[in-house]
Amino acid sequence: METEKIVEKKTSQKKRASLTKNHAKHLLHQMIRIRRLEEKSAELYTKLKIRGFLHLYIGEEAVAVGIMEALNPEDAVVATYREHGHALARSLTANAIMAEMYGKQEGCSRGRGGSMHLFDASLRFYGGNAIVGGGLPVAGGLALADKMQHKQQVTCCFFGEGAVAEGEFHETMNLTALWQLPVLFVCENNSYAMGTALKLSESVTDLVEKSKSYGVTAASVDGMDVLAVGKAAQKAAQFVRTEQKPYFLECRTYRFRAHSMFDAELYRTKAEVAAWKRKDPINQFIQLLKSRRLITNEVIKELEDQVAEEVQAAVDFAEQGTWEPVEDLTRFVYSETEKS
Ligand SMILES: Cc1ncc(C[n+]2csc(CCOP(=O)(O)OP(=O)(O)O)c2C)c(N)n1
């Protein structure tokens, strides 16, 4: 069995020495784009512009941004219902995402999917999935297809720690290890599955140990540190790509907002939330960059202005979008509908 464990620690100064101003700016820009787009989405939800469910990723931005650093455009990505950040980081446009959340046909899923079903096959971004753990077997299948076609590609599958309780997690871990499929499993461990803490649902809460039991190489990383995630992702993706075997990467993170827009948050204390907010991935990264003189307040303002413009343009685009005509209701439905 191949196993290893990266002991979680702050990325050392030495490791960060190679960070360039441009790369730092890019990482910060990506995280701010996700944060601001989601803050605007929450606002639009309360105004009933966005309907259905809305799960915000705020607090977890370093994971999607850090992981995408290690993926190529040819690699596949499978995400969950908390996927606005992954979609943006994977180059879906803010316009296409916002229009989708509005339910307009200019959205990336023609307005039929909404917040939980962002999708763009041209970018190999295979959703958005409302089912907890539902993306895992999909990722296994994509990796199997790539392997059978002798492509040296990676399928990256994001999921929350709550998915570890699902049969699909165990089935996919087992089969990808048995068949040696190139899947990078990225577990976004934010400690809670809705209101259930991991320790209340799992007998073994060490997810790296759990993964090892399937013969899957596994590691854990500080998911609030974008550079640490990026580095761990590079190592993991390189392993998957060259060895053509699965790898499990646990990113320890935290969602700052409620599970969805309806959640009294009775399962966690304000002190716990405040403690995690002190590790805010964006603020932490800004502090680090300032201490290394890699960014100035002027550049941060420039980024914020640019993002504000992008988000406003996305809202305008969604507002001006069109509803799919009722006559198209049965389009893309498998069976022919009999005419009465
Ligand atoms: C199969 C299934 N069971 C239950 C649900 C209801 N549900 C929606 S989100 C969620 C919690 C999942 O938590 P986790 O996987 O840790 O992801 P997070 O929301 O923390 O990102 C549950 C139980 C569902 N969508 N699908």
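Among the residues of the stretch 244-264, are any surrounded by fewer than 16 Cβ atoms within 10 Å (Cβ to Cβ), part of a helix (DSSP H, G or I) and charged (D, E, K, R)? No: the stretch 244-264 contains no residue that is surrounded by fewer than 16 Cβ atoms within 10 Å (Cβ to Cβ), part of a helix (DSSP H, G or I) and charged (D, E, K, R).
Among the residues making up the stretch 228-243, those that are β-branched (V, I, T) and open to solvent by less than 20 Å² (accessible area, probe 1.4 Å) are V229, V240. Does T205 qualify as being away from the ligand (no atom under 14 Å from the Cβ) and at pLDDT 95 or above? It is false that T205 is away from the ligand (no atom under 14 Å from the Cβ) and at pLDDT 95 or above.
Cβ-Cβ distances below 9 Å connect the following pairs, each with a first residue in the stretch 188-207 that is over 11 Å from G160 (Cα atoms), a second residue that is among the polar types (S, T, N, Q) and in a loop (DSSP other than H, G, I, E, B), and a separation of six or more residues or different chains: A197/S191; K199/S191; K199/T205; V204/S213. Highlighted here are the helices (runs of 4 or more DSSP H) found entirely within the stretch 1-71 that include at least 2 residues which are among the hydrophobic types (A, V, I, L, M, F, W, C) and modelled with pLDDT of 95 or more: 21-46, 61-68.
Per-residue answers, yes or no, for (1) assigned to a helix (DSSP H, G or I); (2) away from the ligand (no atom under 16 Å from the Cβ); (3) surrounded by fewer than 18 Cβ atoms within 10 Å (Cβ to Cβ):
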{"residue": "G85", "(1), (2), (3)": "yes, no, no"}
{"residue": "A96", "(1), (2), (3)": "yes, yes, no"}
{"residue": "G128", "(1), (2), (3)": "no, no, no"}
{"residue": "G133", "(1), (2), (3)": "no, no, no"}
{"residue": "V138", "(1), (2), (3)": "yes, no, no"}
{"residue": "Q152", "(1), (2), (3)": "no, yes, yes"}
{"residue": "G162", "(1), (2), (3)": "yes, no, no"}
{"residue": "F169", "(1), (2), (3)": "yes, no, no"}
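Checking A76, A64, A70 one by one, the residue that is in contact with a helix residue (DSSP H, G or I) (Cβ under 6 Å, 6 or more places away or on another chain) and within 16 Å of the ligand (Cβ to nearest atom) is A64 and no other. Can you name the residue in the stretch 140-150 that is part of a helix (DSSP H, G or I) and without any contact (Cβ under 8 Å) to a residue 60 or more places away in the chain and, of all such residues, is surrounded by the most Cβ atoms within 10 Å (Cβ to Cβ)? Filtering the stretch 140-150 for residues that are part of a helix (DSSP H, G or I) and without any contact (Cβ under 8 Å) to a residue 60 or more places away in the chain, the one surrounded by the most Cβ atoms within 10 Å (Cβ to Cβ) comes out as G140. Of all residues in the stretch 98-126, those that are farther than 28 Å from K151 by Cβ and not in a loop (DSSP other than H, G, I, E, B) total 7. Taking the criterion of being surrounded by fewer than 11 Cβ atoms within 10 Å (Cβ to Cβ) and either at pLDDT below 95 or in a helix (DSSP H, G or I) (or both), the residues of the stretch 293-319 that qualify are N297, E298, K301, D305, E309. Applying the criterion of being open to solvent by 30 Å² or more (accessible area, probe 1.4 Å) and more than 10 Å from the ligand (Cβ to nearest atom) to the residues of the stretch 171-202, the residue that is nearest to M68 (Cα to Cα) is Q180.
A count restricted to the stretch 28-50 and to residues that are basic (K, R) and touching a Phe, Trp or Tyr at 6+ places or on another chain (Cβ under 8 Å) stands at 1.
The values are calculated or read from the model by the stated rules, or taken from the named source; none is laboratory data. Everything quoted here is computed from the prediction, not taken from an experiment. Backbone-built Cβ (ideal geometry, glycine too); neighbour counts: all protein chains shown. Each accessible area value is taken on the protein alone, full model and side chains, heavy atoms only, with ligands, DNA and RNA left out. Shrake-Rupley method; radii C 1.70, N 1.55, O 1.52, S 1.80 Å.
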